[in-house]
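The values are calculated or read from the model by the stated rules, or taken from the named source; none is laboratory data. Here the structure is a predicted model, which is why all the values come from computation and not from measurement. Neighbour counts run over all protein chains shown; Cβ positions are idealised from the backbone, glycine included.
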Amino acid sequence: MKIAVISDTHLTHVTADFRRHMENTFGDADIVIHAGDMTSAAVYDYLSNWDIRAVRGNMDDHDLRASLPERRIEEIAGRRIGIIHGWGSPGGLENAVLEKFKDVDIVIFGHSHMPLNLRKGNVTLFNPGSYRGGYSQKGTTGIIEMGDDITFRHVTVE
């Protein structure tokens, strides 16, 4: 199973570059997880072409904030995955989001715009970074592949 992981797209509309990245990188994804800050409902509508699991972020428009949860837990391929955007300073954000979930195998979050793949105890914390980049970094998204093993990797947006 291939899971596309995106956060912090910060798009007011679906651009040709975003379409290209989604189709080339995630065209065969089984599920898309978006960890908030799509910014516009148009992005959600486009991502609905996939099986999308999303949460709201602090920069999302009124429609997204009204329709998406702040956090959620999804059971995928026998693993419990917590999804949340995040808040505040990037320093210590992984500990703050981890505290919001009990009995999960993976926590996916965004907000910091910094890619992260970190194991804490029995939980893997995964931040795909930001599609648009930031802090002098190129944009990144993520892929989780689940089979007998689980692999996490970041993909640079070209």
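With the requirement that a residue be surrounded by fewer than 16 Cβ atoms within 10 Å (Cβ to Cβ) and closer than 21 Å to Gly142 by Cα, what does segment 93-104 give you?
Asn95
Could you please let me know if Ile84 is within 13 Å of Asp8 (Cα to Cα), of a type outside the set (Asp, Glu), crowded, with 16+ Cβ neighbours inside 10 Å and modelled with pLDDT of 95 or more?
yes
Does segment 61-88 hold any residues that are closer than 17 Å to Ser48 by Cβ and in contact with a strand residue (DSSP E or B) (Cβ under 6 Å, 6 or more places away or on another chain), and which are they?
Correct list: Leu68, Arg72, Glu74, Ile83.
Answer yes if at least one residue in segment 35-52 is touching a residue at least 60 places away in the same chain (Cβ under 8 Å), buried (at least 23 other Cβ atoms within 10 Å of the Cβ) and not charged (D, E, K, R), and no otherwise. Walk me through it before giving the result.
Residues of segment 35-52 that are touching a residue at least 60 places away in the same chain (Cβ under 8 Å), as a first pass: 35-37.
The next check asks that each one be buried (at least 23 other Cβ atoms within 10 Å of the Cβ); those that pass are 35-37.
Now narrow it down to the ones that are not charged (D, E, K, R): 35-36.
Within segment 35-52 (the criterion being touching a residue at least 60 places away in the same chain (Cβ under 8 Å), buried (at least 23 other Cβ atoms within 10 Å of the Cβ) and not charged (D, E, K, R)), the answer is yes, since at least one residue qualifies.
Could we say that Asn24 is modelled with pLDDT of 95 or more and assigned to a helix (DSSP H, G or I) here?
Details: modelled with pLDDT of 95 or more: yes; assigned to a helix (DSSP H, G or I): yes.
So Asn24 passes the test.
Return the residues of segment 1-25 that are under 13 Å from the mean Cα position of the chain (by Cα) and closer than 19 Å to Ile81 by Cα; say none if nothing qualifies.
Correct list: Ile3, Ala4, Val5, Ile6, Ser7, Asp8.
Check whether at least one residue in segment 18-26 is more than 20 Å from Pro115 (Cβ to Cβ), among the acidic types (Asp, Glu) and out of contact with any strand residue (DSSP E or B) (no Cβ under 6 Å at 6 or more places or on another chain), and report yes or no. Write out each step before concluding.
Within segment 18-26, the first condition is being more than 20 Å from Pro115 (Cβ to Cβ), and the residues that meet it are 19-20, 23.
Then keep just the ones that are among the acidic types (Asp, Glu); that gives 23.
Cutting the leftovers down to out of contact with any strand residue (DSSP E or B) (no Cβ under 6 Å at 6 or more places or on another chain) gives us 23.
Yes, some residue in segment 18-26 is more than 20 Å from Pro115 (Cβ to Cβ), among the acidic types (Asp, Glu) and out of contact with any strand residue (DSSP E or B) (no Cβ under 6 Å at 6 or more places or on another chain).
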